1. Suppose we keep only residues that are of a type in the set (S, T, N, Q) and under 21 Å from the mean Cα position of the chain (by Cα) within the stretch 427-448. Which one would you say is farthest from ligand 1 (Cβ to nearest atom)?
2. Is it fair to say THR337 is away from ligand 2 (no atom under 16 Å from the Cβ), in a helix (DSSP H, G or I) and either surrounded by fewer than 24 Cβ atoms within 10 Å (Cβ to Cβ) or modelled with pLDDT of 95 or more (or both)?
3. Can you name the residue in the stretch 116-168 that is among the polar types (S, T, N, Q) and open to solvent by 10 Å² or more (accessible area, probe 1.4 Å) and, of all such residues, is nearest to ligand 4 (Cβ to nearest atom)?
4. Looking at (1) open to solvent by 40 Å² or more (accessible area, probe 1.4 Å); (2) touching a Leu at 6+ places or on another chain (Cβ under 8 Å); (3) away from ligand 4 (no atom under 16 Å from the Cβ), which is the only condition GLN610 fails?
5. Could you pull out the residue among GLY80, GLY60 that is free of Cβ contacts under 8 Å to residues at least 60 places away in the same chain and either within 31 Å of the chain's Cα centre (by Cα) or within 15 Å of ligand 2 (Cβ to nearest atom) (or both)?
6. Given the conditions (1) in a loop (DSSP other than H, G, I, E, B); (2) more than 16 Å from ligand 3 (Cβ to nearest atom), report the number of the one that GLY119 does not fulfil.
7. Here's a check for you: in the stretch 275-317, which residue that is open to solvent by 20 Å² or more (accessible area, probe 1.4 Å) and either among the hydroxyl-bearing types (Ser, Thr, Tyr) or modelled with pLDDT under 95 (or both) is farthest from GLY336 (Cα to Cα)?
8. When you scan the stretch 209-326 for helices (runs of 4 or more DSSP H) that lie fully inside it, which ones turn up with 1 or more residues that are closer than 22 Å to HIS197 by Cα and out of contact with any Asp or Glu (no Cβ under 7 Å at 6 or more places or on another chain)?
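The values are calculated or read from the model by the stated rules, or taken from the named source; none is laboratory data. From a predicted model like this one, the values you see are computed outputs, not experimental measurements. Every residue, glycine among them, receives a Cβ derived from its backbone with ideal geometry; neighbour counts consider all protein chains shown. Keep in mind that these areas ignore ligands, DNA and RNA; they rest on the heavy atoms of the full protein, side chains included. Shrake-Rupley method; radii C 1.70, N 1.55, O 1.52, S 1.80 Å.
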Amino acid sequence: MTPASLTDAPSAPAQTAATHCPYCALQCAMTLTPTPGERLPVSVEGREFPTNRGGLCRKGWSSNELLAAPDRLTSPLVRGADGELHPATWDEALDLIAERLRAIQRESGADAVGIFGGGGLTNEKAYQLGKFARIALRTSRIDYNGRFCMSSAAAAANRAFGVDRGLPFPLTDLDTAETILMLGSNVGDTMPPFVSHLQGARARGGLIVVDPRRSTTARLTADGAGQHVQPVPGSDLALLLGLIHVVIAEGLFDADYVNRRTRGFEALRRSVSMWWPERAEQVTGVPAAAIQSLARRLAESGSTYILTGRGVEQHADGTDTATAAINLALLLGLPGTPGSGYGTLTGQGNGQGGREHGQKSDQLPGYRKIDDPAAREYVAAVWGVDPAIIPGPGIPAVQLLQSCGRPGGVRALLVHGSNVVVSSPNVQSVRDALARLDLLVVSDFFLSETARLAHVVLPVLQWAEEDGTMTNLEGRVLRRRRALEPPAGPRSELWIMAELARRFDAPGTWDLDPSLVFDELARASAGGLADYSGLSHATLDALEAEGVGAHWPYPPGGIGTPRLFADRFAHADGRARLVAVRSYSPETPHGGELSLITGRLLEHYQSGAQTRRVPELNDARPELVAQLHPATARDRGVADGDLVRLENRRGAVEARVGVSSDIRPDTVFLPFHFPDGASANLLTSDRLDPISSMPEFKNAVVTLTRVVTA
Ligand SMILES: Nc1nc2c(c(=O)[nH]1)N[C@H]1C(S)=C(S)[C@@H](COP(=O)(O)OP(=O)(O)OC[C@H]3O[C@@H](n4cnc5c(=O)[nH]c(N)nc54)[C@H](O)[C@@H]3O)O[C@H]1N2
Ligand SMILES: Nc1nc2c(c(=O)[nH]1)N[C@H]1C(S)=C(S)[C@@H](COP(=O)(O)OP(=O)(O)OC[C@H]3O[C@@H](n4cnc5c(=O)[nH]c(N)nc54)[C@H](O)[C@@H]3O)O[C@H]1N2
Ligand code: SF4
Ligand SMILES: [Mo]
């Protein structure tokens, strides 16, 4: 089977396409130009846009490589009696899926089939996937990888503000900030063009980065540009409680704003009364005097922003930590005040849109609640079904994965846009769970590590081959535009869902044209929190041509909403909630153990399924390296480049040592981009945040030993 050549496709449109990067939530603007006869089918150029200002990172520049990847899937694959995957026709594959799903549901009920979605899917695909689960499969069992990513910050924003839009202001607002507090975010590696928006604060000495590692972003604070705060991993909540204590004790808060715009001050004040900076110092290792001066700087600066990233959110207290960051912002009067604010930095390309259109277990389109009778009735009318057939809430991602093959759990799972056997917490338990399934169906462009385990693999389109929309980290809806005719073989996921829906005699409309699916999504979102009803592909094209953004909510006849909260928050009474939270105890290392934190490298994206296939990126970062402090290395008798074994009760990985004074001596850092035995997630914990069900990716305890090679 040879992959169909993209460059030879006779009908390839010989025109440029103004689109956005296939990877992260910054969604840098780029122009793709077909290059007939060349090795790569399109060339990539950065395009002027307020978020990236023409810049791209290495991943963006090299994104065209994947369009010509030699191991692109070109035909459905079905596992045969010999245990191997073999090419099959689309009809064979889809008939088999439909037949087996029906048999499983007949025996074990509708909820025996589950769907696992992704924050990289376009809005159109995410919407259709949620609808497919509810009215074609009639299952409640749908959730997605955003649960690993955005769930804690989303839960915190929903309870404080009544709405969750990652940045409730345009990114360019940061340009004029005096002080920016970044908690657990490393945009220097994870969104490099973002760094241009930090220059204003750096010029005023006001970039403050809280990270147990001197990350690329923390380095930006050098030479008087700001301050790097390096707390004990997992102690951010205590740090924030200490800061809030100082702000209240020293009367640094904005009393007028707190009175007019919030509720809950008294309970909050009581909850932090014992959090003297000295106590916060004991937990965090950050000197009390530094906590005091930081609180003063935040309060006295004319223009302050507080931003959170996965470093503080991916913990069993992630929602409470994000809540504490919001409490601090509210006390200082930041949200909704021009020139200041709070935001979380959404991660995946469509991490924002992915959480609005219904692929989350408790949700219907428009960020509506699935257990709200009015929401059910409204969406059922758009879908043309009786509200009674829409199932109730399902279960969040980790529980969904772990339920595979268990009594009462799912027996079949359809995965769209996630490589769960690399990126899930306590990943061995997820590998075991998938092995218990009667049917695993994976849609992907490559044979990812998860696809390798599937019974059926369905090849789908890559970003440059499809139209659609993505919603970036500012809640700005963007057009993804097709630059290439899709190759023969792979199909769009809208087509796959339509074909399966037909085999299930499903009600509803199953359009193949993304602009028609968008029109339906817009209707379904009307009146919801994330209202897209004033938008269409045509309006978006026109707005972009005029250089105007399309931030939701965007009802008809409006101009969208670049800035939220100017007059009111989204709760019925218009006020934000100060929610008192308590500190919890993270797992802490004992004699000889180290704290393990995990995160990202510039060159790789997520599970690495895409970037490990780009030679330039993979050559730069070919293998797993554990970042270790020189004193710790000396103590353990290991040197740079040595092989070590990191181990805990969940599993073990081998890694090369990268000695660096950028990390705390009690901590080791691993990226999670590598598969199989090099997966950092063999060590991470699946302990969950009780509110968001976010797993604790950023806090585990390990032992480290040198591997002696013969
Ligand atoms: N190159 C690249 N870019 C990406 C991605 C990618 O995989 N690769 N993924 C995209 C996605 S989906 C996301 S969610 C974003 C994530 O973007 P970020 O949140 O910036 O990324 P991480 O590296 O996961 O975590 C950020 C920092 O948190 C620190 N950290 C770890 N534990 C703690 C802690 O207990 N407290 C504090 N304060 N900090 C801690 C880590 O040292 C790390 O430097 O990136 C997006 N961009
Ligand atoms: N230890 C540790 N683990 C983590 C994290 C961490 O910080 N530390 N971060 C977590 C976070 S924030 C995230 S977001 C997750 C992400 O982890 P994953 O969910 O595994 O994300 P990706 O690696 O992007 O996987 C996407 C897969 O879908 C494919 N794909 C891309 N676009 C499409 C599409 O449109 N349709 C279909 N069908 N397939 C597509 C890609 O080829 C790839 O195989 O990892 C989480 N895991
Ligand atoms: S920062 Fe994100 S969106 Fe921009 S080029 Fe890099 S990966 Fe793509
Ligand atoms: Mo993410």
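1. To start, the set of residues in the stretch 427-448 that are of a type in the set (S, T, N, Q) comprises 428-429, 443, 448.
Remaining after also requiring under 21 Å from the mean Cα position of the chain (by Cα): 443, 448.
Working: SER443: 19, SER448: 14 Å.
For the stretch 427-448, the residue satisfying everything is SER443.
2. Values: away from ligand 2 (no atom under 16 Å from the Cβ): yes; in a helix (DSSP H, G or I): no; either surrounded by fewer than 24 Cβ atoms within 10 Å (Cβ to Cβ) or modelled with pLDDT of 95 or more (or both): yes.
No.
3. Taking the stretch 116-168 first, the residues among the polar types (S, T, N, Q) are 122-123, 128, 139-140, 145, 151-152, 158.
When the remaining residues are screened for being open to solvent by 10 Å² or more (accessible area, probe 1.4 Å), the result is 145, 158.
Working: ASN145: 7, ASN158: 18 Å.
Only one residue fits best here, namely ASN145.
4. (3)
5. Working: GLY80 fails: either within 31 Å of the chain's Cα centre (by Cα) or within 15 Å of ligand 2 (Cβ to nearest atom) (or both).
None of the others qualify; the one that does is GLY60.
6. Every condition holds for GLY119 apart from (2).
7. By that ranking, first place goes to SER293.
8. Details: elements: 216-219, 236-249, 255-261, 265-271, 277-284, 288-300, 310-313.
In the stretch 209-326, 216-219, 288-300, 310-313 are the helices (runs of 4 or more DSSP H) which contain 1 or more residues that are closer than 22 Å to HIS197 by Cα and out of contact with any Asp or Glu (no Cβ under 7 Å at 6 or more places or on another chain).
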